[in-house]
Amino acid sequence: MSSLSLAGVTKRYGATTALTDVRLDIEDGEFFTLVGPSGCGKTTTLRTVAGFEDPTEGTVRFGDEDVAGLPPEDRDVGIVFQQYSLFPHMTVEENVAYGLRFTDREDGARVAELLDLVGLAGMRDRDPGELSGGQQQRVALARALAPSPDVLLLDEPMSALDARLRERLRREVRRIQRETGVTTLYVTHDQAEALAVSDRVAVMSEGRVEQVGTPREVYREPATRFVAEFVGENNVFDGTAAGDGVEVGDATFAVEGDTPSGEAVTLCVRPESMRVDAGANTLTGTVDYAEFLGEAVRVGLTWQDREVVVRVDAAGVDRLPETGESLTVGFDPESVVRLDATASDTT
Ligand SMILES: Nc1ncnc2c1ncn2[C@@H]1O[C@H](COP(=O)(O)OP(=O)(O)O)[C@@H](O)[C@H]1O
Ligand SMILES: [Mg+2]
(Lines give C-alpha, C1' and ligand atoms only; values in the text may rest on other atoms or scores of the structure.)
(Ligands and ions follow the chains in the order given, each with its own letter.)
Protein backbone atom coordinates (compact mmCIF):
# COMPACT_ATOMS: atom_id res chain seq x y z
CA MET A 1 0.00 0.00 0.00
CA SER A 2 1.06 3.52 -0.55
CA SER A 3 -0.01 7.11 -0.39
CA LEU A 4 -0.11 8.94 -3.68
CA SER A 5 0.58 12.58 -4.39
CA LEU A 6 0.61 14.89 -7.35
CA ALA A 7 2.23 18.29 -7.04
CA GLY A 8 1.98 21.05 -9.61
CA VAL A 9 1.04 18.63 -12.38
CA THR A 10 0.43 20.34 -15.69
CA LYS A 11 -0.12 18.42 -18.91
CA ARG A 12 -0.12 20.00 -22.34
CA TYR A 13 -0.79 18.34 -25.67
CA GLY A 14 0.44 20.90 -28.19
CA ALA A 15 -1.85 23.88 -27.77
CA THR A 16 -4.29 21.98 -25.52
CA THR A 17 -3.77 22.20 -21.79
CA ALA A 18 -5.38 19.11 -20.28
CA LEU A 19 -4.23 19.71 -16.69
CA THR A 20 -3.17 22.86 -14.88
CA ASP A 21 -1.26 22.74 -11.62
CA VAL A 22 -3.04 19.69 -10.21
CA ARG A 23 -2.19 18.96 -6.62
CA LEU A 24 -3.60 15.92 -4.85
CA ASP A 25 -2.57 14.17 -1.66
CA ILE A 26 -4.21 10.79 -1.36
CA GLU A 27 -3.73 8.85 1.82
CA ASP A 28 -2.68 5.25 2.16
CA GLY A 29 -5.82 3.12 1.96
CA GLU A 30 -8.07 5.96 0.91
CA PHE A 31 -10.89 5.70 -1.64
CA PHE A 32 -10.37 8.94 -3.53
CA THR A 33 -12.49 10.04 -6.48
CA LEU A 34 -11.93 12.47 -9.32
CA VAL A 35 -15.28 13.79 -10.44
CA GLY A 36 -16.13 16.31 -13.14
CA PRO A 37 -17.73 16.64 -16.54
CA SER A 38 -16.39 15.03 -19.68
CA GLY A 39 -13.13 16.60 -20.82
CA CYS A 40 -12.15 18.06 -17.44
CA GLY A 41 -8.95 15.99 -17.22
CA LYS A 42 -9.88 12.95 -15.12
CA THR A 43 -8.46 10.33 -17.47
CA THR A 44 -5.33 12.38 -18.12
CA THR A 45 -4.72 12.55 -14.36
CA LEU A 46 -5.20 8.81 -14.02
CA ARG A 47 -2.94 8.04 -17.01
CA THR A 48 -0.28 10.29 -15.52
CA VAL A 49 -0.44 8.35 -12.25
CA ALA A 50 -0.29 5.07 -14.16
CA GLY A 51 2.74 6.19 -16.17
CA PHE A 52 1.11 6.18 -19.62
CA GLU A 53 1.66 9.94 -19.76
CA ASP A 54 4.50 12.08 -18.44
CA PRO A 55 3.48 15.37 -16.88
CA THR A 56 4.72 18.44 -18.75
CA GLU A 57 5.45 19.93 -15.33
CA GLY A 58 5.14 18.67 -11.78
CA THR A 59 5.75 15.45 -9.91
CA VAL A 60 3.93 12.24 -9.05
CA ARG A 61 4.93 10.36 -5.91
CA PHE A 62 4.00 6.92 -4.64
CA GLY A 63 4.76 7.20 -0.94
CA ASP A 64 8.10 9.04 -0.88
CA GLU A 65 9.17 7.84 -4.30
CA ASP A 66 9.14 10.20 -7.26
CA VAL A 67 8.04 7.92 -10.10
CA ALA A 68 9.12 10.18 -12.98
CA GLY A 69 10.22 8.05 -15.90
CA LEU A 70 9.05 4.75 -14.39
CA PRO A 71 7.05 2.78 -16.97
CA PRO A 72 3.56 1.57 -16.03
CA GLU A 73 4.65 -2.03 -15.39
CA ASP A 74 7.11 -0.83 -12.74
CA ARG A 75 4.58 1.32 -10.88
CA ASP A 76 2.63 -1.26 -8.91
CA VAL A 77 -0.75 -0.08 -10.13
CA GLY A 78 -3.83 -2.09 -10.99
CA ILE A 79 -6.11 -0.54 -13.59
CA VAL A 80 -9.71 -1.07 -14.62
CA PHE A 81 -11.04 0.83 -17.61
CA GLN A 82 -14.52 1.68 -18.80
CA GLN A 83 -14.51 -0.82 -21.65
CA TYR A 84 -14.44 -4.45 -20.86
CA SER A 85 -10.84 -5.29 -21.42
CA LEU A 86 -10.91 -9.02 -20.79
CA PHE A 87 -9.29 -11.38 -23.26
CA PRO A 88 -12.22 -13.08 -25.01
CA HIS A 89 -10.30 -16.27 -25.78
CA MET A 90 -9.30 -16.82 -22.15
CA THR A 91 -11.50 -18.15 -19.37
CA VAL A 92 -12.30 -16.09 -16.30
CA GLU A 93 -9.59 -17.92 -14.39
CA GLU A 94 -7.01 -17.34 -17.13
CA ASN A 95 -7.91 -13.66 -17.32
CA VAL A 96 -7.32 -13.23 -13.59
CA ALA A 97 -4.11 -15.28 -13.73
CA TYR A 98 -2.89 -12.92 -16.45
CA GLY A 99 -2.80 -10.24 -13.76
CA LEU A 100 -0.05 -12.23 -12.06
CA ARG A 101 2.24 -12.43 -15.11
CA PHE A 102 4.81 -9.97 -13.72
CA THR A 103 4.90 -11.63 -10.32
CA ASP A 104 6.29 -14.94 -9.16
CA ARG A 105 3.15 -15.70 -7.22
CA GLU A 106 1.64 -19.13 -7.46
CA ASP A 107 -1.49 -18.84 -9.61
CA GLY A 108 -4.12 -21.30 -8.45
CA ALA A 109 -4.73 -20.28 -4.85
CA ARG A 110 -4.41 -16.58 -5.54
CA VAL A 111 -6.87 -16.70 -8.45
CA ALA A 112 -9.39 -18.63 -6.35
CA GLU A 113 -9.01 -16.10 -3.54
CA LEU A 114 -9.66 -13.21 -5.94
CA LEU A 115 -12.67 -14.84 -7.57
CA ASP A 116 -14.04 -15.35 -4.09
CA LEU A 117 -13.39 -11.72 -3.24
CA VAL A 118 -15.36 -10.46 -6.26
CA GLY A 119 -18.13 -13.02 -5.80
CA LEU A 120 -17.43 -15.08 -8.95
CA ALA A 121 -16.07 -18.29 -7.48
CA GLY A 122 -18.48 -20.38 -9.54
CA MET A 123 -17.56 -18.77 -12.86
CA ARG A 124 -13.88 -19.62 -13.22
CA ASP A 125 -14.25 -21.77 -16.33
CA ARG A 126 -16.54 -19.43 -18.23
CA ASP A 127 -15.55 -17.31 -21.19
CA PRO A 128 -16.02 -13.54 -20.82
CA GLY A 129 -18.74 -13.69 -23.50
CA GLU A 130 -20.85 -15.78 -21.13
CA LEU A 131 -20.81 -13.10 -18.43
CA SER A 132 -22.91 -9.98 -17.93
CA GLY A 133 -21.25 -6.58 -18.16
CA GLY A 134 -21.16 -6.27 -14.39
CA GLN A 135 -19.56 -9.70 -14.01
CA GLN A 136 -16.96 -8.85 -16.64
CA GLN A 137 -16.00 -5.73 -14.73
CA ARG A 138 -15.65 -7.79 -11.55
CA VAL A 139 -13.26 -10.09 -13.38
CA ALA A 140 -11.34 -7.03 -14.56
CA LEU A 141 -11.21 -5.86 -10.95
CA ALA A 142 -9.96 -9.27 -9.79
CA ARG A 143 -7.27 -9.20 -12.49
CA ALA A 144 -6.19 -5.68 -11.48
CA LEU A 145 -5.99 -6.67 -7.80
CA ALA A 146 -4.23 -9.99 -8.41
CA PRO A 147 -0.65 -8.77 -7.93
CA SER A 148 -1.65 -6.78 -4.80
CA PRO A 149 -0.89 -3.38 -6.33
CA ASP A 150 0.02 -0.36 -4.21
CA VAL A 151 -2.59 1.69 -6.00
CA LEU A 152 -5.82 0.76 -7.77
CA LEU A 153 -6.94 3.02 -10.63
CA LEU A 154 -10.51 2.83 -11.91
CA ASP A 155 -11.56 4.92 -14.92
CA GLU A 156 -15.36 5.04 -15.16
CA PRO A 157 -15.56 1.28 -14.70
CA MET A 158 -19.36 1.28 -14.52
CA SER A 159 -20.36 3.78 -17.17
CA ALA A 160 -21.33 1.06 -19.65
CA LEU A 161 -23.73 -0.55 -17.16
CA ASP A 162 -27.35 0.31 -16.51
CA ALA A 163 -28.29 2.44 -13.50
CA ARG A 164 -29.42 -0.26 -11.12
CA LEU A 165 -26.43 -2.48 -11.80
CA ARG A 166 -24.12 0.50 -11.38
CA GLU A 167 -25.47 1.08 -7.89
CA ARG A 168 -24.96 -2.54 -6.94
CA LEU A 169 -21.50 -2.75 -8.39
CA ARG A 170 -20.35 0.47 -6.73
CA ARG A 171 -21.19 -1.03 -3.34
CA GLU A 172 -19.27 -4.15 -4.32
CA VAL A 173 -16.26 -2.09 -5.39
CA ARG A 174 -16.36 -0.23 -2.10
CA ARG A 175 -16.60 -3.46 -0.10
CA ILE A 176 -13.68 -4.99 -2.00
CA GLN A 177 -11.63 -1.82 -1.53
CA ARG A 178 -12.30 -1.91 2.23
CA GLU A 179 -11.40 -5.58 2.45
CA THR A 180 -8.13 -5.16 0.56
CA GLY A 181 -7.30 -1.70 1.93
CA VAL A 182 -5.80 -0.73 -1.43
CA THR A 183 -5.29 2.98 -2.07
CA THR A 184 -7.82 3.73 -4.77
CA LEU A 185 -8.16 6.51 -7.32
CA TYR A 186 -11.58 6.31 -8.88
CA VAL A 187 -12.79 8.38 -11.83
CA THR A 188 -16.40 9.17 -12.61
CA HIS A 189 -18.45 11.93 -14.23
CA ASP A 190 -21.37 10.93 -12.00
CA GLN A 191 -21.43 13.19 -8.95
CA ALA A 192 -23.98 11.07 -7.09
CA GLU A 193 -21.77 7.99 -7.51
CA ALA A 194 -18.76 10.00 -6.30
CA LEU A 195 -20.60 11.11 -3.17
CA ALA A 196 -21.83 7.58 -2.46
CA VAL A 197 -18.54 5.66 -2.63
CA SER A 198 -15.71 8.01 -1.70
CA ASP A 199 -13.74 8.87 1.40
CA ARG A 200 -12.85 12.13 -0.35
CA VAL A 201 -13.42 13.60 -3.77
CA ALA A 202 -11.65 16.13 -5.97
CA VAL A 203 -14.08 18.09 -8.10
CA MET A 204 -12.42 19.01 -11.40
CA SER A 205 -13.29 21.51 -14.09
CA GLU A 206 -11.30 22.42 -17.20
CA GLY A 207 -8.11 20.72 -16.07
CA ARG A 208 -8.10 22.19 -12.58
CA VAL A 209 -9.03 20.89 -9.17
CA GLU A 210 -11.82 23.12 -7.86
CA GLN A 211 -12.16 21.56 -4.42
CA VAL A 212 -11.02 18.55 -2.43
CA GLY A 213 -13.10 17.35 0.47
CA THR A 214 -15.29 14.66 1.93
CA PRO A 215 -18.59 14.11 0.12
CA ARG A 216 -20.33 16.01 2.89
CA GLU A 217 -17.94 18.96 2.62
CA VAL A 218 -18.21 19.44 -1.13
CA TYR A 219 -21.98 19.12 -0.93
CA ARG A 220 -22.55 21.34 2.08
CA GLU A 221 -19.70 23.80 1.71
CA PRO A 222 -18.93 24.18 -1.98
CA ALA A 223 -15.87 26.36 -2.45
CA THR A 224 -16.79 27.63 -5.89
CA ARG A 225 -19.81 28.24 -8.04
CA PHE A 226 -18.79 25.33 -10.26
CA VAL A 227 -18.82 22.92 -7.31
CA ALA A 228 -22.10 24.38 -6.02
CA GLU A 229 -23.76 23.70 -9.37
CA PHE A 230 -22.04 20.44 -10.34
CA VAL A 231 -22.38 18.53 -7.07
CA GLY A 232 -26.10 18.05 -6.60
CA GLU A 233 -28.43 20.78 -7.74
CA ASN A 234 -28.36 24.34 -6.51
CA ASN A 235 -30.17 27.60 -6.94
CA VAL A 236 -27.48 30.24 -7.25
CA PHE A 237 -28.50 33.86 -6.75
CA ASP A 238 -26.13 36.73 -7.53
CA GLY A 239 -26.90 39.69 -5.36
CA THR A 240 -25.59 42.78 -3.64
CA ALA A 241 -25.21 43.24 0.08
CA ALA A 242 -27.59 45.85 1.47
CA GLY A 243 -28.00 47.05 5.05
CA ASP A 244 -30.54 44.46 6.04
CA GLY A 245 -29.77 41.55 3.73
CA VAL A 246 -28.86 40.75 0.16
CA GLU A 247 -30.65 42.31 -2.77
CA VAL A 248 -31.39 39.88 -5.57
CA GLY A 249 -33.45 41.43 -8.33
CA ASP A 250 -36.37 43.19 -6.64
CA ALA A 251 -36.15 41.08 -3.52
CA THR A 252 -34.11 41.46 -0.35
CA PHE A 253 -33.20 38.16 1.27
CA ALA A 254 -32.23 37.82 4.90
CA VAL A 255 -29.00 35.81 5.30
CA GLU A 256 -26.58 34.96 8.06
CA GLY A 257 -23.29 36.87 8.31
CA ASP A 258 -22.41 40.48 7.54
CA THR A 259 -21.08 41.93 4.34
CA PRO A 260 -20.34 45.62 3.74
CA SER A 261 -23.15 47.19 1.74
CA GLY A 262 -22.60 47.31 -1.97
CA GLU A 263 -20.43 44.19 -2.20
CA ALA A 264 -21.34 41.35 -4.51
CA VAL A 265 -22.67 38.26 -2.73
CA THR A 266 -23.60 34.91 -4.22
CA LEU A 267 -26.18 32.81 -2.42
CA CYS A 268 -26.79 29.09 -2.94
CA VAL A 269 -29.98 27.39 -1.85
CA ARG A 270 -30.48 23.68 -2.44
CA PRO A 271 -33.79 22.68 -4.07
CA GLU A 272 -34.53 20.51 -1.04
CA SER A 273 -34.09 23.54 1.25
CA MET A 274 -36.85 25.42 -0.58
CA ARG A 275 -40.38 25.10 0.72
CA VAL A 276 -43.75 25.92 -0.74
CA ASP A 277 -45.56 28.86 0.88
CA ALA A 278 -43.05 28.94 3.73
CA GLY A 279 -39.70 30.38 4.76
CA ALA A 280 -38.33 33.71 5.96
CA ASN A 281 -37.41 34.65 2.38
CA THR A 282 -40.05 34.11 -0.26
CA LEU A 283 -40.31 34.55 -3.98
CA THR A 284 -43.26 34.11 -6.28
CA GLY A 285 -42.56 32.69 -9.70
CA THR A 286 -44.27 31.05 -12.64
CA VAL A 287 -44.21 27.27 -12.89
CA ASP A 288 -42.30 25.93 -15.93
CA TYR A 289 -42.70 22.27 -15.09
CA ALA A 290 -43.58 19.93 -12.24
CA GLU A 291 -42.20 16.40 -12.14
CA PHE A 292 -43.48 13.57 -9.96
CA LEU A 293 -40.37 11.54 -9.05
CA GLY A 294 -41.95 9.02 -6.71
CA GLU A 295 -40.45 10.04 -3.39
CA ALA A 296 -40.26 13.72 -4.34
CA VAL A 297 -41.79 16.36 -6.54
CA ARG A 298 -39.47 18.66 -8.44
CA VAL A 299 -40.77 21.99 -9.68
CA GLY A 300 -39.00 24.46 -11.98
CA LEU A 301 -40.05 28.10 -11.75
CA THR A 302 -39.09 31.27 -13.51
CA TRP A 303 -38.63 34.16 -11.11
CA GLN A 304 -37.33 37.50 -12.41
CA ASP A 305 -35.71 35.84 -15.44
CA ARG A 306 -33.98 33.29 -13.20
CA GLU A 307 -34.65 29.59 -13.04
CA VAL A 308 -35.47 28.33 -9.55
CA VAL A 309 -35.77 24.64 -8.69
CA VAL A 310 -37.69 23.33 -5.71
CA ARG A 311 -37.78 19.77 -4.49
CA VAL A 312 -40.33 18.71 -1.92
CA ASP A 313 -41.30 15.43 -0.33
CA ALA A 314 -44.05 13.90 -2.48
CA ALA A 315 -45.95 12.71 0.59
CA GLY A 316 -47.08 16.29 1.29
CA VAL A 317 -48.20 17.06 -2.27
CA ASP A 318 -51.82 16.34 -3.23
CA ARG A 319 -51.77 18.07 -6.60
CA LEU A 320 -48.90 18.93 -8.94
CA PRO A 321 -48.75 22.61 -9.86
CA GLU A 322 -49.53 23.28 -13.52
CA THR A 323 -47.33 25.04 -16.02
CA GLY A 324 -48.03 28.77 -16.00
CA GLU A 325 -49.40 28.73 -12.47
CA SER A 326 -48.04 31.19 -9.96
CA LEU A 327 -46.25 29.59 -7.00
CA THR A 328 -44.66 31.06 -3.87
CA VAL A 329 -41.64 29.29 -2.43
CA GLY A 330 -39.26 30.23 0.31
CA PHE A 331 -36.16 29.45 2.29
CA ASP A 332 -34.62 30.34 5.61
CA PRO A 333 -31.34 32.20 6.21
CA GLU A 334 -29.70 29.16 7.82
CA SER A 335 -30.09 27.09 4.67
CA VAL A 336 -28.17 29.57 2.51
CA VAL A 337 -24.57 28.87 1.58
CA ARG A 338 -22.70 32.01 0.64
CA LEU A 339 -20.15 31.99 -2.13
CA ASP A 340 -18.63 35.38 -1.78
CA ALA A 341 -16.35 36.82 -4.39
CA THR A 342 -13.38 36.45 -2.06
CA ALA A 343 -14.14 32.77 -1.46
CA SER A 344 -14.41 31.83 -5.12
CA ASP A 345 -11.30 33.81 -6.09
CA THR A 346 -9.02 31.54 -4.12
CA THR A 347 -8.96 28.71 -6.65
N1 LIG B 1 -3.71 12.44 -26.36
C2 LIG B 1 -4.33 13.64 -26.35
N3 LIG B 1 -4.04 14.56 -27.29
C4 LIG B 1 -4.63 15.77 -27.26
N5 LIG B 1 -5.55 16.16 -26.36
C6 LIG B 1 -5.88 15.29 -25.41
C7 LIG B 1 -5.29 13.98 -25.34
N8 LIG B 1 -5.82 13.33 -24.28
C9 LIG B 1 -6.68 14.18 -23.71
N10 LIG B 1 -6.73 15.35 -24.38
C11 LIG B 1 -7.55 16.53 -24.04
O12 LIG B 1 -7.36 16.81 -22.67
C13 LIG B 1 -8.57 17.20 -22.05
C14 LIG B 1 -8.90 16.28 -20.89
O15 LIG B 1 -9.24 15.00 -21.41
P16 LIG B 1 -9.55 13.77 -20.46
O17 LIG B 1 -8.49 13.67 -19.43
O18 LIG B 1 -9.75 12.59 -21.33
O19 LIG B 1 -10.92 14.21 -19.79
P20 LIG B 1 -12.01 13.33 -18.98
O21 LIG B 1 -11.44 11.99 -18.71
O22 LIG B 1 -12.29 14.12 -17.76
O23 LIG B 1 -13.21 13.27 -19.87
C24 LIG B 1 -9.62 17.21 -23.15
O25 LIG B 1 -9.71 18.51 -23.66
C26 LIG B 1 -9.04 16.27 -24.18
O27 LIG B 1 -9.51 16.56 -25.45
MG1 LIG C 1 -12.17 10.08 -19.21
Any hit, segment 214-234, residues being surrounded by 18 or more Cβ atoms within 10 Å (Cβ to Cβ), assigned to a strand (DSSP E or B), touching a strand residue (DSSP E or B) at 6+ places or on another chain (Cβ under 9 Å) and aliphatic (A, V, I, L, M): no
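Give GLY207, GLY243 a once-over and let me know the one that is touching a residue at least 12 places away in the same chain (Cβ under 8 Å) and open to solvent by 20 Å² or more (accessible area, probe 1.4 Å). Spell out the reasoning first.
Working: GLY207 fails: open to solvent by 20 Å² or more (accessible area, probe 1.4 Å).
Just one listed residue meets the conditions, GLY243.
Just for segment 262-295: of the residues that are of a type in the set (A, V, I, L, M) and open to solvent by 10 Å² or more (accessible area, probe 1.4 Å), which one is nearest to VAL336 (Cα to Cα)? Walk me through it before giving the result.
Here is the first cut: in segment 262-295, the ones of a type in the set (A, V, I, L, M) are 264-265, 267, 269, 274, 276, 278, 280, 283, 287, 290, 293.
Add one more test, that the residue is open to solvent by 10 Å² or more (accessible area, probe 1.4 Å), and what stays is 264, 276, 278, 280, 290, 293.
Numbers: ALA264: 15, VAL276: 16, ALA278: 15, ALA280: 11, ALA290: 23, LEU293: 25 Å.
Looking at residues that are of a type in the set (A, V, I, L, M) and open to solvent by 10 Å² or more (accessible area, probe 1.4 Å), I get ALA280.
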Residue satisfying all of: in segment 181-192; open to solvent by 10 Å² or more (accessible area, probe 1.4 Å) and within 16 Å of ligand 2 (Cβ to nearest atom); nearest to GLU217 (Cα to Cα) among these: GLN191
Tally, over segment 122-134, of residues that are of a type outside the set (D, E, K, R) and open to solvent by 50 Å² or more (accessible area, probe 1.4 Å): 3
Any hit, segment 308-322, residues being farther than 23 Å from ARG220 by Cα and part of a strand (DSSP E or B): no
Filter result (in contact with a His (Cβ under 9 Å, 6 or more places away or on another chain) and within 11 Å of ligand 2 (Cβ to nearest atom)) within segment 24-46: GLY36, PRO37, SER38, CYS40, LYS42
Any chance THR56 is farther than 16 Å from ALA140 by Cβ and in contact with a Pro (Cβ under 8 Å, 6 or more places away or on another chain): no
Selection from segment 61-111 of residues that are surrounded by fewer than 16 Cβ atoms within 10 Å (Cβ to Cβ), among the acidic types (Asp, Glu) and more than 14 Å from PRO149 (Cβ to Cβ): ASP64, GLU65, ASP66, ASP104, GLU106
Near pairs, Cβ below 7 angstrom, 6+ apart or cross-chain, from segment 137-150 (of a type in the set (S, T, N, Q)) to any residue that is not in a loop (DSSP other than H, G, I, E, B): GLN137/VAL80; GLN137/LEU169
Inter-residue pairs, beta-carbon under 9 Å, first over 18 Å from ALA121 (Cβ atoms) and in segment 95-107, second surrounded by fewer than 20 Cβ atoms within 10 Å (Cβ to Cβ) and among the hydroxyl-bearing types (Ser, Thr, Tyr), 6+ apart: THR103/SER148; ARG105/SER148
Residues of segment 68-110 satisfying the condition of being small (Gly, Ala, Ser), at pLDDT 90 or above and farther than 15 Å from LEU46 by Cα: GLY69, ALA97
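Would you mind stating whether SER159 is closer than 24 Å to ALA194 by Cβ and either touching a Cys at 6+ places or on another chain (Cβ under 8 Å) or assigned to a loop (DSSP other than H, G, I, E, B) (or both)?
On the way: closer than 24 Å to ALA194 by Cβ: yes; either touching a Cys at 6+ places or on another chain (Cβ under 8 Å) or assigned to a loop (DSSP other than H, G, I, E, B) (or both): yes.
It is true that SER159 is closer than 24 Å to ALA194 by Cβ and either touching a Cys at 6+ places or on another chain (Cβ under 8 Å) or assigned to a loop (DSSP other than H, G, I, E, B) (or both).
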Candidates THR33, THR10, THR43, filtered to the one that is assigned by TED's automatic domain parsing to the domain that holds VAL209, in a helix (DSSP H, G or I) and either touching a residue at least 24 places away in the same chain (Cβ under 8 Å) or small (Gly, Ala, Ser) (or both): THR43
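The values are calculated or read from the model by the stated rules, or taken from the named source; none is laboratory data. Everything quoted here is computed from the prediction, not taken from an experiment. Positions of Cβ are backbone-derived with ideal geometry, glycine not excepted, and every protein chain shown enters the neighbour counts. Side chains are part of the model used for accessible areas, which takes the heavy atoms of the whole protein and leaves out ligands, DNA and RNA. Shrake-Rupley method; radii C 1.70, N 1.55, O 1.52, S 1.80 Å.
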